Each structure stands twice: as C-alpha cells, then as structure tokens.
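The values are calculated or read from the model by the stated rules, or taken from the named source; none is laboratory data. None of these values were measured; they are calculated from a predicted model. Neighbour counts run over all protein chains shown; Cβ positions are idealised from the backbone, glycine included. Only protein heavy atoms, including side chains, enter the accessible area calculation; ligands, DNA and RNA are left aside. Shrake-Rupley method; radii C 1.70, N 1.55, O 1.52, S 1.80 Å.
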Amino acid sequence: MIPTDPPAAAGAAPGASAGVGPLTGKTILMSGGSRGIGLAIALRAARDGANVALLAKTDTPHPKLEGTVHTAAEAIRAAGGRALPIVGDVRDEESITEAVLRTVGEFGGIDIVVNNASVIDLSGSLDLATKKYDLMQDVNVRGTFLLSRAAIPQLRDAANPHILSLSPPLNVTPKWLGAHTGYSLAKFGMTMATLGIAEEFAGDGIAANTLWPRTTIATAAVQNVIGGDRLMAVSRTPEIYADAAYEVLTSPSRELTGRTLIVEDVLEAAGVTDFSGYAAVPGTPDAAMYPDIFLD
C-alpha cells in the first residue's frame, strides 16, 4: 500500500525499475491519460510493474497542452511499467472495441478500467453551446458506460477486477445543479453509470467505484478553464489522486464496490494524516480552504 509520507509517494524517478506490489502484472485500460490525473494514476501503477493501455486522442502535441499518448507511454515505461498507447476516441464504439482487443492481445486480459477521460465546461445554461453539451455527454457519460461495458467479459475473468470512474458523489443539491447544469449532468451521469454497473455485476465480483477530490487538483483544466494561476497556487498535485486511486484499485473487489469515494478520506483510512506534501506550490495555505465543485 502507499507510504504514509506524501512527498515520497509523488512518483518514481525516470528510469526506475519496477517494484513488486499488488498491481505487478495487472493490466489497466484507461481512457485519456496523456497528462494530469490520468497519467499520475498510470505512473503510480507502473511503479508496481503494471501494464497500462491508454485510449486517447492526443496523437500529436497540442499547442497549449503538454503530452501525447506516446509521451505518456514513454513515461509509464520509464517508471517500470509496460505501456500500450492506443490512438482513438472514447466516443466511438469501434475505437473502444479495438482498444479492448488490442489490450487483451498485448497483455492477455484486463484487470482494471479507469474512466479518466472527461470534458469540462462550467458555462451557465444560456451560454453553454449545444455542441459542448453534447461533447460532455458523449465523453463523460457515454464513454464511461461503453468502455466499462466493453471490458466486462475480461473483468469477469480477472482475479480482482475494478472499474474506477473519476467523478463526484451524487450531491444533487440546488447549489451544484444550478451552478453549471450541463457539466453537473455529465459528471453525475458518470457516477450513475458506475453505480449501476456496480450493482448489476456485483455477483461477478467486479468492483465499480467513483473517486473525487475534496480540493482542486493542479491540472490543465484548473489552469485554463476554472481558476487560472490563483487557483493553481492553492491546488494539490495529481499525485494525491493517484495515491488514493492506488488504494482503491488494490482493495478486494468484493469488499469495496458501489461507493462514491473521496480522495482524502481514502488516504486518511490508509494512514495518511498530513497532506502538505501534496501542495502544488509548497508553503501555500492548505488547499482544503478552497473546496472543489460538488463538495461543501
């Protein structure tokens, strides 16, 4: 399990050899993962020597965003894991089918699905473009459902199968529904799809949970969409999400399923009491002072 010292849990050095741990030899199929939280989760698994297949669109560099599916694969290998970059679109069922087939062909099966790909637009209802509403529904909700569903036959054969969606608890209060209705619908849809799958396939021992941070995470979305430099300065690093995801994905699947989990709660249960090492800017006020969306 993760160390209790957050700075030490922040990722392995480039070129590190794979360790031996609960995810050694396990295969993860992740949507997105070229950068940010998804990549951090992949790198944490790679430190155990996990296999990671990434289904992502970023074949070539974005003018404003660092990382492609290929550079992410290189980082996973450097951290000690095996990587399979798959250029595709989680909105496209054929891409998903191909991703499952290629993952199984390369690694022999699938143990874990991480629904990381997500689109964010916090515009109010009158300002939200219909195309952007459709995009959020297609990537966040449809993509989560289709990728999870496509992997079910493989997960049924896995020893400790998990589905993990990066989405919030169902805090369907007027505060959050009214703040950004289109985005809230899409993120709550990810959670509902995951909880439905948890119940439907509980008899197969397939865990399906969601995971969400109590604070903002220092990602490109926070920088470019939500809050800019001010919010980045009081956010926590993606490694806090990755360490919590590791705890969830290494838990017995029949004992932890159908839950909407909070990053900090998961880590506290694992013995982590000091989150200061996860500050995106060392020495800044505790990020807990700036709660993320969907949490009071």
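Numbers at a glance
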quantity	calculated
Carbon and sulfur %, accessible surface of the chain computed with the full protein complex present, 1.4 Å	54 percent
Area projected by the alpha carbon convex hull of the chain, averaged over all directions, nm²	14.2 nm²
Dimensionless Rg ratio for region 21-92, taking C-alpha atoms and the 2.2 N^0.38 Å reference	1.02
Inverse mean reciprocal Cα-Cα distance (Kirkwood Rh) of region 84-172, Å	14.4 Å
Long-range HN-HN contacts of S167 with modeled amide H, under 5 Å	L211
Surface/4 estimate of mean projected area, convex hull on alpha-carbon atoms of region 130-227, nm²	7.4 nm²
Computed over the chain: relative contact order in percent, which uses C-alpha pairs under 8 Å that are six or more apart	20 percent
Label-to-label distance, nm, for residues given as K64 and V281 (7 Å Cα→Cβ offset)	2.1 nm
Cα centroid separation - region 40-61 against region 154-217, whole Å	21 Å
Under Karplus coefficients 6.51, -1.76 and 1.60, residue-wise ³J(HN,Hα) of region 262-273 in Hz, glycine/proline x	10, 3, 5, 5, 4, 5, 4, 5, 8, x, 7, 10
Against the rule of thumb 2.2 N^0.38 Å, how large the Cα Rg of region 244-285 comes out	1.39
Around N140: net Lys/Arg minus Asp/Glu count, Cβ-Cβ under 13 Å	+1
Net charge dipole size for region 15-100 [Lys, Arg +1 and Asp, Glu -1 on Cβ; Debye, nearest 20]	420 debye
Residue among L166, L43, L65 with the largest mean-square fluctuation in a Gaussian network model of the chain, springs linking Cα atoms under 10 Å	L65
Surrounding net charge for I110, when Lys and Arg each add one and Asp and Glu each subtract one, Cβ distance under 13 Å	+1
Whole-number accessible area per residue in Å² for the chain, which is evaluated in the context of all protein chains at 1.4 Å	42 Å²
